[in-house]
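Q: Structure incoming, see below.
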Amino acid sequence: MSTSIKEALFHGRKLFASADIPSFEAELLLQSILKKDRIDLYIKSEEHLSKKEFSSFQSSVQRRLHHEPLSYITGQRFFYQHQLKVSPATFIPRPETELLVDECLRYLNATSPKNPQLLELCTGSGAIALSLSSSYPGLSLDATDLSRSALQVAQENLNKLNSQDRINLYHGDLFAALTEKKLYDVIVSNPPYIPSQRIPELSQEVQAEPVLALDGGLDGLDIINRIIKESPLWLKTRGMLVFEIDGPAQVEHIHSKLAESKFESVFCRNDLSGLPRIMGGYQK
């Protein structure tokens, strides 16, 4: 006997409720399998699933019950107007990271640089670079990452959005990945910034993400310190460095390091929860 969309959703929601997983995630899993919009699930709720479709749904529900991130199961994540591919090789883009995109666009719109050049470090799925490329015509971008697997996903996202002519991907460790010396108007990054000892305390879902994208060393600042120290060699005069941080505990240290590297007008922006989320400054 086959199962209807309505029955499948009831089954998924019931299991998720017992595990304190939001019930709407059952809808998202079924949408992904059936390639239907949410409204279609309700309009066609009496339609029956094939055995293969229902088996896939059951498998996806079990994966989620075992704390696999929803985005890894569906293979996609919405970020700044785009549906992007993600995989266990990539960090899952968060809504708060859109603040980095907003800050870069604010700077570019205010300064209107000629032939604007931007560098993204630790690009992962390419979410930030792609969002900036589509939002600011004429912007030329380079993006680096230490993970070849993450860069393969980024390349697929570039191809999907026809951005391969505007974004160059480089494999390697931060600036060392670049094949030529040039100066940028903006350097942006969402680097690993979680202190190592806190990794085991994170939710099982977050722990499923690449440790390379999470672990920032003993105090969470290993990569951030390197970026701050090396960025002046790659920025134009009055160029901007901006990056995401872990929160209040890192602000004082980062402010000091930015001043030490001669950055001016150091700034800190809060996320929607009111917590410090991005910091940066301008090259002298």
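Q: Of the options ILE199, ILE254, LEU139, report the single residue whose Cα projects farthest towards the positive end of the charge dipole of the chain (beta-carbon charges: Lys, Arg +1; Asp, Glu -1).
A: Going by the Cα projections, it comes out as LEU139.
Q: What percent do you get for the relative contact order of the chain when only Cα pairs under 8 Å and 6+ apart count?
A: 14
Q: I've got another one for you. Please identify every one of the trypsin sites (Lys or Arg not before Pro) in the stretch 158-242 that sits in a loop by DSSP and has no more than 10 other beta carbons within 10 Å of its own beta carbon.
A: When the trypsin sites (Lys or Arg not before Pro) of the stretch 158-242 are filtered for loop state and at most 10 Cβ neighbours within 10 Å, LYS181 remain.
Q: Based on DSSP loop calls and a cut-off of at most 14 other Cβ atoms within 10 Å, the longest stretch of the chain free of exposed GluC sites (Glu not before Pro) is what?
A: 48-179
Q: What percent do you get for the relative contact order of the stretch 70-120 when only Cα pairs under 8 Å and 6+ apart count?
A: Relative contact order of the stretch 70-120: 24 percent.
Q: Could you give the length gained by full extension between GLU96 and GLU205, i.e. 0.36 nm per residue of separation minus their alpha carbon distance, to one decimal place?
A: Here the segment from GLU96 to GLU205 would lengthen by 37.5 nm.
Q: Given R₀ = 22 Å, what would the calculated FRET efficiency be for VAL266 paired with HIS171, taking r from the Cβ atoms and rounding to 0.05?
A: Once the sixth-power term is evaluated, E becomes 0.10.
Q: So, R0 is 45 Å and r is the distance between the beta-carbons of ASP40 and LEU212; what FRET efficiency does that work out to, to 0.05?
A: The calculated FRET efficiency here is 0.75.
Q: Run the dipole for the chain about the Cα centre, Lys and Arg Cβ at +1, Asp and Glu Cβ at -1, nothing else charged, and hand back the magnitude in debye, nearest 20.
A: 560
Q: Going through the stretch 1-95, which trypsin sites (Lys or Arg not before Pro) have at most 11 other Cβ atoms within 10 Å and a DSSP loop state?
A: Passing both the DSSP loop test and the Cβ count: LYS35.
Q: Another one. Work out the length of the dipole vector of the stretch 175-284 about its Cα centre, built from +1 on the beta-carbon of each Lys and Arg and -1 on the beta-carbon of each Asp and Glu, and round it to the nearest 20 debye.
A: Here the stretch 175-284 has a charge dipole of around 640 debye.
Q: Taking just the C-alpha trace of the stretch 1-53, give me its Rg and Dmax in Å.
A: Looking at the stretch 1-53, its Cα Rg and Dmax stand at 10.6, 30 Å.
Q: Give me the dipole magnitude in Debye, nearest 20, for the stretch 8-152 about the Cα centre, with unit charges on the beta carbon: positive for Lys and Arg, negative for Asp and Glu.
A: Dipole of the stretch 8-152, to the nearest 20 debye: 400 debye.
Q: Another question about this same structure. Enter the Cα centre distance for the pair the stretch 119-178 and the stretch 80-116, rounded to the nearest angstrom.
A: With the stretch 119-178 and the stretch 80-116 each reduced to a Cα centre, they are spaced 11 Å.
Q: Let me know the shape class of the stretch 123-252, please: from the alpha-carbon gyration tensor, a ≥ b ≥ c as square roots of the eigenvalues, rounded when a/c is under 1.5, otherwise prolate if a/b is greater than b/c, or oblate.
A: oblate
Q: Now for a separate question. By how many nm would the segment from SER23 to LYS229 lengthen if fully extended, with 0.36 nm per residue of separation less the alpha-carbon distance?
A: Contour length minus the Cα-Cα distance gives 69.6 nm.
Q: Take every DSSP beta bridge with both residues inside the chain and express the antiparallel ones as a percent of the total, to the nearest 5.
A: Around 45 percent antiparallel, to the nearest 5.
Q: Quick one: Debye curve from the C-alpha atoms of the stretch 37-108, no solvent, what's log10 I(q)/I(0) at q = 0.12 Å⁻¹?
A: Reported log10 I(q)/I(0), two decimals: -0.51.
Q: Work out the FRET efficiency for ARG106 and ALA259 from their Cβ-Cβ distance, taking R0 = 30 Å, and round it to the nearest 0.05.
A: After rounding to 0.05, the efficiency reads 0.85.
Coordinate-derived values only; no laboratory data. Please read these numbers as outputs of a predicted model, since none were measured by experiment. Counting neighbours? That spans all protein chains shown, and the Cβs are built from the backbone with ideal geometry, glycine included.
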